[in-house]
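The values are calculated or read from the model by the stated rules, or taken from the named source; none is laboratory data. The model shown is predicted, which means the values in this text are computed figures rather than measured ones. Because the Cβ atoms are built from the backbone with ideal geometry, glycine has one as well, and the counts that use them run over all protein chains shown. These accessible areas exclude ligands, DNA and RNA; they are computed on the full protein's heavy atoms, side chains included. Shrake-Rupley method; radii C 1.70, N 1.55, O 1.52, S 1.80 Å.
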Amino acid sequence: MALKNFDELIAKVKGGPKKTVALVQANDAHALEAVIAARDIVNAVLVGDPEKISEVLVSLGQNPADFNIVAVPEGMHPSVCAANLIHEGKADFLMKGKIMTGDLLKGVLSPEANLRTGKLMSHIIIAEVPGYHKLLCVTDGGMCTYPDLEKKKDIVQNVATFFNNLGYEKVNVAALCAIETVNPKMPETVDAAELKRMSLSGELSHCYVEGPISYDLAMCPELGPVKGFESPCAGDFDVMLAPEIVVGNVLGKCLVCTCGGRMAGLVLGCKVPIVLTSRGSSADEKYYSLALGAGYNA
């Protein structure tokens, strides 16, 4: 069953067991605001420098004694410290605090963290867009720069598994291109057609990939007859698969900044999801991302 909006997602999360997020380098005001606001759906462990974390909590009108704060041992990467909480059963997923994304992932990818699964790590943006009848995902606009066919296959499987876990039986994926026909001079169209074949043959499970397909045909079913294009999913896609990072990044930001959408972001492919939003993300966006992480059973 498709989720129409973030309110439905939050209701779903509240109906399940309460998860715990480990906030890495927790001395970040927006991230802490989100954790505080999300007390109804998640518990939190604040990882980092206790003094700095306490200062931010006090600035937000909170009593640090009310929070579970874990100091990072000297010489240990904060991501590894947070990962240890996962392995000890004290946390269920991670969230980026006041730490650069590259530094966060460096720790996550280290052997000491033991969070790798052997799968490609990829980023998803989930947007609630005015005028669209359900949540819409864009991938990958944050991690995989210029994925080849094999990496696109992994990106699709990551997002399909994620949505299946949320209760979707079959995920509709649009492999976006500038045109809707295969052109050998445009490699992304060749990849899109092959991904469609993989979804039909079962090489990609629990999803249907349509491609190559342009954004307008994916979103506006009335244009199909005009352009002589048929798709069973036109106007009903769950996922927009970007051919490369620029398209995914721009599309995700357009849905929010221009279309007035609400957004959440996660990294998939590890043993647990990682809440990863941009430095400019609002506390609301981080709250919705926490709901996404809490709703996923790794």
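Numbers for the structure displayed
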item	result
Computed accessible area, Cys259, all protein chains, 1.4 angstrom probe, square angstrom	70
Residue of Val190, Val138, Val272 that the Gaussian network model of the chain assigns the largest fluctuation, springs spanning Cα pairs under 10 Å	Val190
Cβ-Cβ FRET estimate between Lys271 and Asn183, R0 fixed at 51 Å, reported to 0.05	0.80
Rounded to whole Å, sorted largest first: equivalent-ellipsoid semi-axes of segment 1-70, Cα gyration tensor	27, 12, 10
Cα-based shape type of segment 249-298, given that a ≥ b ≥ c are square roots of the gyration tensor eigenvalues and the cut on a/c is 1.5	prolate
Simple label model, 7 Å out from Cα along Cβ direction - Asp7 to Arg197, nm	4.6
Under DSSP loop assignment and at most 14 Cβ neighbours within 10 Å, longest GluC sites (Glu not before Pro)-free interval of the chain	1-73
Fraction of antiparallel bridges per DSSP, segment 128-264 only, in percent to nearest 5	10
Under DSSP loop assignment and at most 13 Cβ neighbours within 10 Å, longest trypsin sites (Lys or Arg not before Pro)-free interval of the chain	19-184
Karplus-derived 3J(HN,Hα), 6.51/-1.76/1.60, for each residue of segment 90-104, Hz, glycine and proline x	9, 8, 10, 7, 10, 9, 6, x, 8, 8, 5, 4, x, 5, 4
Among Gly75, Gly202, Gly131: highest mean-square fluctuation, GNM of the chain, C-alpha pairs under 10 Å	Gly75
From the C-alpha gyration tensor of segment 211-298, square roots of 5λ in Å	29, 16, 12
Sum of side-chain charges, Pro78 neighbourhood, beta-carbon under 14 Å (Lys, Arg +1; Asp, Glu -1)	-1
Table column - 3J(HN,Hα) (Hz), segment 113-129, Karplus curve with 6.51, -1.76, 1.60, x for Gly and Pro	6, 6, 10, 6, 10, x, 8, 5, 8, 9, 10, 10, 10, 10, 10, 9, 10
Cα convex hull volume per residue for segment 172-246 (Å³)	90
Dimensionless Rg over Rh [segment 1-156; C-alpha; Kirkwood]	0.99
Long-range amide H partners of Cys220 with built H, under 5 Å	Gly235
More than 37 Å apart - percent of Cα-Cα pairs taken over the chain	16
Cut-off under 5 Å, modelled amide H: who pairs with Val45 long-range	Val21, Ala22, Leu23
Potential lengthening between Thr117 and His133 on full extension [0.36 nm per residue; Cα-Cα distance subtracted]	2.4 nm
Whole-Hz couplings from phi, Karplus 6.51/-1.76/1.60, listed for segment 264-273; x for Gly and Pro	9, x, 9, 9, 10, x, 9, 5, 9, x
Rough spin-label spacing in nm, given labels placed 7 Å along Cα→Cβ, for Glu222 and Ala283	4.1
Spread of Cα-to-Cα distances over 10 Å intervals beginning at zero, given as percent, for segment 118-214	16, 48, 32, 3
Top of Thr139, Thr181, Thr277 by mean-square fluctuation, Gaussian network on the chain, Cα under 10 Å	Thr181
Segment 69-180: C-alpha gyration tensor shape, a/c 1.5 cut-off, then a/b vs b/c	prolate
Length released on extending from Cys259 to Glu88, taking residue separation times 0.36 nm less the Cα-Cα span	57.3 nm
